[in-house]
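The values are calculated or read from the model by the stated rules, or taken from the named source; none is laboratory data. Just so we're clear, the structure is a prediction, and the values are computed from it rather than from any experiment. Neighbour counts are summed over all protein chains in view; Cβ atoms, including those assigned to glycine, are modelled from backbone coordinates with ideal geometry. Accessible surface is based on the protein model in full, side chains and every heavy atom, while ligands, DNA and RNA are left aside. Shrake-Rupley method; radii C 1.70, N 1.55, O 1.52, S 1.80 Å.
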Amino acid sequence: MSMRILSAAIAAFSVSFAAQAGQFQATPGVFDGTGYGSSYAGAGGTTPLYNQPLGAVFDGGNGAVDAFGFYNSGVGNLTQQRQVDLLGGNVYRFFDTFTNNTGATITTTLNFFGNLGSDGDELISFNSGGLIVSCEDDWSGACGGGDPVLALVSGNNGLGQASITPDRYNVSFSVTLQAGQSLSLLNFAFLASDVDGPTPADVLLAKNTGLSLLSTPRLDGLSAQQIAGIANFNISPVPEASSWAMLVAGLGVVGMLRARSRRATMAA
């Protein structure tokens, strides 16, 4: 990752988080099989107790979603392990790994699904390049209903094909896995709303945060092996700490040489 890209990413996130000073707080509605918390790690699918999808988000705060963030078709003979987290800044992250443990090649379309809380009254204010910004219609054709604005991120390399039909969010991933092969899919949902209800500024905040997640997905807490297996994002490698140290040292040397050159010129 170049210094220019890193600086832009840091600036974008700084602007987003600064703008959230008056934001509501998303609720830890991640279903873990017995209750709701801020994270889930384990198998995909449903649990017999409630017949609810493991790792799905319920409510999210102020009715943002009804049941959001699980694969409702295409898994078939693949095994699924998932890690779902409510990160800081009202960002839900869904990280799913699918493995072909059969002896044959599997070609399938995995479908990431979400039931939106707007109950069919949503508006789409932005839809491009793996980002959909959705909000509840205030009955005048503008965002401003009671539900938070959603920034839904499905990847930046075109593998995920996302759409919203009334009340439903779907992302299809057409994949082929050889016997023994695994791949991972990464999805995000960001919730934006002023504490007193969504405003036009929240729509812009959702768009900007979604674009930041597209260009610089939040990978905190994921291992290098997990990151390497992500199929729906093109991720620039982050320089090692030693590389940054060498860069800083190199800049220092360049500065010293320039200073010496200036002194030599003045002496002449």
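Checking each residue in region 19-31 for being out of contact with any Ser or Thr (no Cβ under 7 Å at 6 or more places or on another chain) and at pLDDT 95 or above picks out GLN25, ALA26, THR27, GLY29, PHE31.
Candidates are the residues of region 68-86 that are open to solvent by 20 Å² or more (accessible area, probe 1.4 Å) and among the aliphatic types (A, V, I, L, M); the one that is farthest from the chain's Cα centre (by Cα) is VAL75. Among the residues of region 76-95, those identified as touching a residue at least 60 places away in the same chain (Cβ under 8 Å) and under 16 Å from VAL153 (Cα atoms) are ASP85, LEU86, LEU87, GLY89, ASN90, VAL91, TYR92, ARG93, PHE94, PHE95. Considering only residues in region 175-210 that are part of a loop (DSSP other than H, G, I, E, B) and of a type in the set (S, T, N, Q), the one that is surrounded by the fewest Cβ atoms within 10 Å (Cβ to Cβ) turns out to be GLN178. Within region 133-146, residues that are without any contact (Cβ under 8 Å) to a residue 60 or more places away in the chain have Cβ atoms under 7 Å from residues that are of a type in the set (Asp, Glu) in these pairs: SER134/GLU122; ASP137/ASP121; ASP137/GLU122; GLY144/ASP138; GLY145/ASP121; GLY145/GLU136; GLY145/ASP137; GLY145/ASP138, counting only partners at least 6 apart in sequence or on another chain. Could you list, in sequence order, all residues of region 28-42 that are touching a residue at least 12 places away in the same chain (Cβ under 8 Å) and open to solvent by less than 50 Å² (accessible area, probe 1.4 Å)? Those that are touching a residue at least 12 places away in the same chain (Cβ under 8 Å) and open to solvent by less than 50 Å² (accessible area, probe 1.4 Å): GLY29, VAL30, PHE31, GLY33, TYR40, GLY42. Whether any residue in region 221-238 is of a type outside the set (A, V, I, L, M, F, W, C), surrounded by fewer than 21 Cβ atoms within 10 Å (Cβ to Cβ), under 17 Å from the mean Cα position of the chain (by Cα) and farther than 20 Å from GLY130 by Cβ is what I want to check. Yes, because at least one residue in region 221-238 is of a type outside the set (A, V, I, L, M, F, W, C), surrounded by fewer than 21 Cβ atoms within 10 Å (Cβ to Cβ), under 17 Å from the mean Cα position of the chain (by Cα) and farther than 20 Å from GLY130 by Cβ.
Taking (1) under 22 Å from ASP66 (Cβ atoms); (2) touching a Ser or Thr at 6+ places or on another chain (Cβ under 7 Å); (3) at pLDDT 95 or above; (4) crowded, with 19+ Cβ neighbours inside 10 Å in turn, SER154 satisfies each apart from (2). Of the residues that sit in region 157-166 and are open to solvent by 20 Å² or more (accessible area, probe 1.4 Å) and within 25 Å of ARG93 (Cβ to Cβ), which one is modelled with the lowest pLDDT? Among them, the one singled out is THR165. Within the bounds of region 235-256, is there any residue that is at pLDDT 90 or above and under 22 Å from VAL153 (Cα atoms)? Yes, the conditions are met somewhere in region 235-256. Of all residues in region 118-148, those satisfying the criterion of being open to solvent by less than 50 Å² (accessible area, probe 1.4 Å) and modelled with pLDDT under 80 are GLY120, ALA142, CYS143, GLY144, GLY145.
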